[in-house]
Amino acid sequence: MAEQMGTRYLPVLMALALAGAAPAADAPEGWQARSPREEIRPRFSYDPAGGRNGSGALRIEGDGREGLDGYWFKSFPVTGGRYYRFSAWRRAENLEWPQQSANVKIRWVDERGRQALDDRPLVEGFLNGFTPVAPNEYPRDGAGKAGWTQVTGHYRAPASARAAEVELHLQWAPRGRIDWSDVEFREAPPPAPRNVRLAAVHLQPRQGRTAEEKRRQFAPLIEEAARQKADLVVLGETLTYYGARQSPAEVAETVPGPTTEYFAELARKHNLYIVAGLYERAAHLVYNVAVLLSPEGKVAGKYRKVTLPDGEAERGVAPGSDYPVFQTRFGTLGMMICYDGFFPEVARELTRRGAEVIAWPVWGVNPELARARAAENQVYLVSSTYEDVSRNWGFTAVWDHAGRRIAQAEDWGTVAVAEVNLAATTRWRSLGDFRSKLPRHLPLVPAGKVFE
């Protein structure tokens with residue numbers, strides 16, 4: 001259907017858009033005010049003294065009616081095959097869902113004004129020589145300053161593209177108001193690669209009963225990951241609990257504590273990040289946690305498991321309630337633990353907060369869920385499990401944006417390592433860069449209304 005909308009129905013859609021087009025008094029040259037239908041048209045105006053630095057503001061306002069939809073439009077000439085960078089600043093008021101209501105859309109068109117064919121690589125490759133039309137691009141929200149949010153994108157134009165049509169939207173916000181300022185669309189160099197080596201350890205720490213005996217079993221494998229130049233090494237869930245024949249409360253430690261200090265020193269020694277799964281004691285509470293240790297030899301953060309299976313709840317483990325993400329030298333990292341992956345909400349919330357990589361200490365899980373969490377969020381997923389590969393119940397592996405295992409540990413006492421480029425765009429047929437669409441197209445449900 002998405003492909004059909006890009007071809008069969010394009011003339012109708014363009015006609016509808018043009019029917020709602022009109023110049024706004026004093027608007028900068030080339031900018032037009034448009035709406036899909038005249039009866040849902042919001043108010044447009046231009047404030048020459050407005051904007052982030054007094055450079056002028058393209059304004060759109062709702063009038064209190066539901067379902068209004070309008071956008072400022074301008075066409076920028078491009079040369080097919082070259083790279084371009086879009087940037088704009090946005091200030092929004094009275095928007096319940098700014099990620100949907102205040103978005104930018106870029107459409108590539110050819111010399112005839114039709115959507116350009118897309119010659120850029122797709123994750124699944126081309127099918128029977130068929131080349132789809134180029135999907136719309138959605139620049140992402142970035143830094144904020146003094147009430148203004150920067151919206152940016154970096155793209156290679158399809159070979160047949162001759163123009164990029166930029167739309168600055170206000171959608172579905174009855175009393176919303178948006179000022180758009182400092183809009184730029186310029187040719188730019190290709191984006192620099194952001195290569196990172198992700199590793200997961202495949203080990204059941206069977207030897208010994210004490211925390212010290214358990215954690216020392218991981219040291220040689222962390223060293224092996226370092227030898228393979230890993231930037232991040234993910235270890236198993238509750239690793240001091242495995243085979244200890246003690247309760248979660250009996251093995252729980254403070255964070256920082258002896259085990260995090262041990263792994264922090266290894267992280268410093270090998271100049272990499274480590275994610276270790278533990279039971280944490282915080283006063284009278286016990287949590288299942290994933291702890292991030294930094295190359296500086298410090299606790300850089302922790303995540304407390306939000307979803308608890310019966311076995312943990314019945315043993316007095318408490319659930320966490322937050323979804324932190326952490327800035328590392330290679331990118332933004334999120335963490336989740338085992339049962340979290342059986343539900344889409346945890347990985348989705350981490351992604352919404354900017355996670356590019358999710359570390360996942362997991363006892364065992366349906367591997368199709370790992371594939372889904374990676375693909376539906378367009379993140380790299382690094383899972384360390386206690387399951388043998390013969391059981392087909394979770395893998396120690398690295399999963400890419402398409403949900404494929406790009407590295408996997410087959411034998412106990414080995415490490416899975418994969419190098420990925422966090423700057424690379426994964427493009428799907430008819431959807432293009434799906435990750436950029438996530439904040440714009442997510443179904444939004446008010447808090448407390450997910451289940452009735």
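Counting just the residues of segment 363-387 that are without any contact (Cβ under 8 Å) to a residue 40 or more places away in the chain and out of contact with any helix residue (DSSP H, G or I) (no Cβ under 9 Å at 6 or more places or on another chain), which one comes out surrounded by the fewest Cβ atoms within 10 Å (Cβ to Cβ)?
Out of the qualifying residues, it is 368.
For every residue, the table says whether it meets (1) of a type outside the set (Gly, Ala, Ser); (2) open to solvent by 60 Å² or more (accessible area, probe 1.4 Å); (3) without any contact (Cβ under 8 Å) to a residue 12 or more places away in the chain.
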{"position": "194", "(1), (2), (3)": "yes, yes, no"}
{"position": "212", "(1), (2), (3)": "yes, yes, no"}
{"position": "242", "(1), (2), (3)": "yes, no, no"}
{"position": "252", "(1), (2), (3)": "no, no, no"}
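Would segment 60-70 turn up any residue that is more than 32 Å from the chain's Cα centre (by Cα), of a type outside the set (Lys, Arg), at pLDDT 95 or above and farther than 21 Å from residue 187 by Cβ?
Within segment 60-70, one or more residues are more than 32 Å from the chain's Cα centre (by Cα), of a type outside the set (Lys, Arg), at pLDDT 95 or above and farther than 21 Å from residue 187 by Cβ.
Quick grid of which residues meet (1) hydrophobic (A, V, I, L, M, F, W, C); (2) touching a helix residue (DSSP H, G or I) at 6+ places or on another chain (Cβ under 7 Å); (3) touching a residue at least 60 places away in the same chain (Cβ under 8 Å):
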site: 300; (1), (2), (3): yes, no, no
site: 320; (1), (2), (3): no, no, no
site: 323; (1), (2), (3): no, yes, no
site: 330; (1), (2), (3): yes, no, yes
site: 334; (1), (2), (3): no, yes, no
site: 360; (1), (2), (3): yes, yes, yes
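Output yes when any residue across segment 74-81 is surrounded by 18 or more Cβ atoms within 10 Å (Cβ to Cβ), without any contact (Cβ under 8 Å) to a residue 60 or more places away in the chain and either farther than 15 Å from residue 172 by Cβ or touching a Lys or Arg at 6+ places or on another chain (Cβ under 9 Å) (or both), and no when none is.
no
Please go through (1) within 9 Å of the chain's Cα centre (by Cα); (2) open to solvent by 60 Å² or more (accessible area, probe 1.4 Å) for residue 355 and return the number of the only condition it doesn't satisfy.
So residue 355 meets the others, but not (2).
Looking for something in contact with a Leu (Cβ under 8 Å, 6 or more places away or on another chain), surrounded by 20 or more Cβ atoms within 10 Å (Cβ to Cβ) and aliphatic (A, V, I, L, M) - is there at least one such residue anywhere in segment 139-155?
The answer is no, given that none of the residues of segment 139-155 is in contact with a Leu (Cβ under 8 Å, 6 or more places away or on another chain), surrounded by 20 or more Cβ atoms within 10 Å (Cβ to Cβ) and aliphatic (A, V, I, L, M).
Open to solvent by less than 10 Å² (accessible area, probe 1.4 Å), at pLDDT 95 or above and under 30 Å from the mean Cα position of the chain (by Cα): does that describe residue 226?
Here the answer is no, as residue 226 does not meet what is asked.
Quick check: is even one residue across segment 97-113 of a type in the set (S, T, N, Q), open to solvent by less than 10 Å² (accessible area, probe 1.4 Å) and over 30 Å from residue 399 (Cβ atoms)?
yes
Can you work out which of the residues in segment 46-103 that are part of a strand (DSSP E or B) and hydroxyl-bearing (Ser, Thr, Tyr) is nearest to residue 30 (Cα to Cα)?
The selected residue is 75.
Among the residues of segment 388-404, write down those that are open to solvent by 20 Å² or more (accessible area, probe 1.4 Å) and either free of Cβ contacts under 8 Å to residues at least 60 places away in the same chain or of a type in the set (Ser, Thr, Tyr) (or both).
388, 389, 390, 391, 392, 393, 404
Could you check segment 305-330 and list, in sequence order, the residues that are open to solvent by less than 40 Å² (accessible area, probe 1.4 Å) and part of a helix (DSSP H, G or I)?
Answer for segment 305-330, where residues must be open to solvent by less than 40 Å² (accessible area, probe 1.4 Å) and part of a helix (DSSP H, G or I): 311, 312.
Please verify whether segment 281-296 includes one or more residues that are hydrophobic (A, V, I, L, M, F, W, C), buried (at least 19 other Cβ atoms within 10 Å of the Cβ), over 23 Å from residue 262 (Cβ atoms) and touching a residue at least 60 places away in the same chain (Cβ under 8 Å).
The answer is no, given that none of the residues of segment 281-296 is hydrophobic (A, V, I, L, M, F, W, C), buried (at least 19 other Cβ atoms within 10 Å of the Cβ), over 23 Å from residue 262 (Cβ atoms) and touching a residue at least 60 places away in the same chain (Cβ under 8 Å).
Residues in segment 314-323: is at least one under 30 Å from residue 192 (Cβ atoms), touching a strand residue (DSSP E or B) at 6+ places or on another chain (Cβ under 6 Å), aliphatic (A, V, I, L, M) and at pLDDT 95 or above?
no
Assuming residue 85 fulfils every condition listed in (1) open to solvent by 40 Å² or more (accessible area, probe 1.4 Å); (2) at pLDDT below 95 apart from one, which condition is it?
Here residue 85 meets the rest and fails (2).
Counting only residues that are out of contact with any Pro (no Cβ under 9 Å at 6 or more places or on another chain) and open to solvent by less than 20 Å² (accessible area, probe 1.4 Å), which one in segment 331-350 is nearest to residue 434 (Cα to Cα)?
Step by step, filter segment 331-350, then rank; the result is 347.
Name every residue in segment 412-428 that is in contact with a strand residue (DSSP E or B) (Cβ under 7 Å, 6 or more places away or on another chain) and open to solvent by 40 Å² or more (accessible area, probe 1.4 Å), in order of residue number.
Result: 412, 414, 419, 421, 425.
Of the conditions (1) assigned to a strand (DSSP E or B); (2) open to solvent by 30 Å² or more (accessible area, probe 1.4 Å); (3) closer than 17 Å to residue 295 by Cα, residue 186 satisfies every one except a single condition; which number is it?
Answer for residue 186: the failing condition is (3).
The values are calculated or read from the model by the stated rules, or taken from the named source; none is laboratory data. Keep in mind that what you see is a predicted model, and the values were worked out from it rather than measured. Glycine gets a Cβ as well: all are built from the backbone with ideal geometry, and neighbour counts include every protein chain shown. All accessible areas refer to the heavy atoms of the entire protein, side chains included, with ligands and DNA or RNA removed. Shrake-Rupley method; radii C 1.70, N 1.55, O 1.52, S 1.80 Å.
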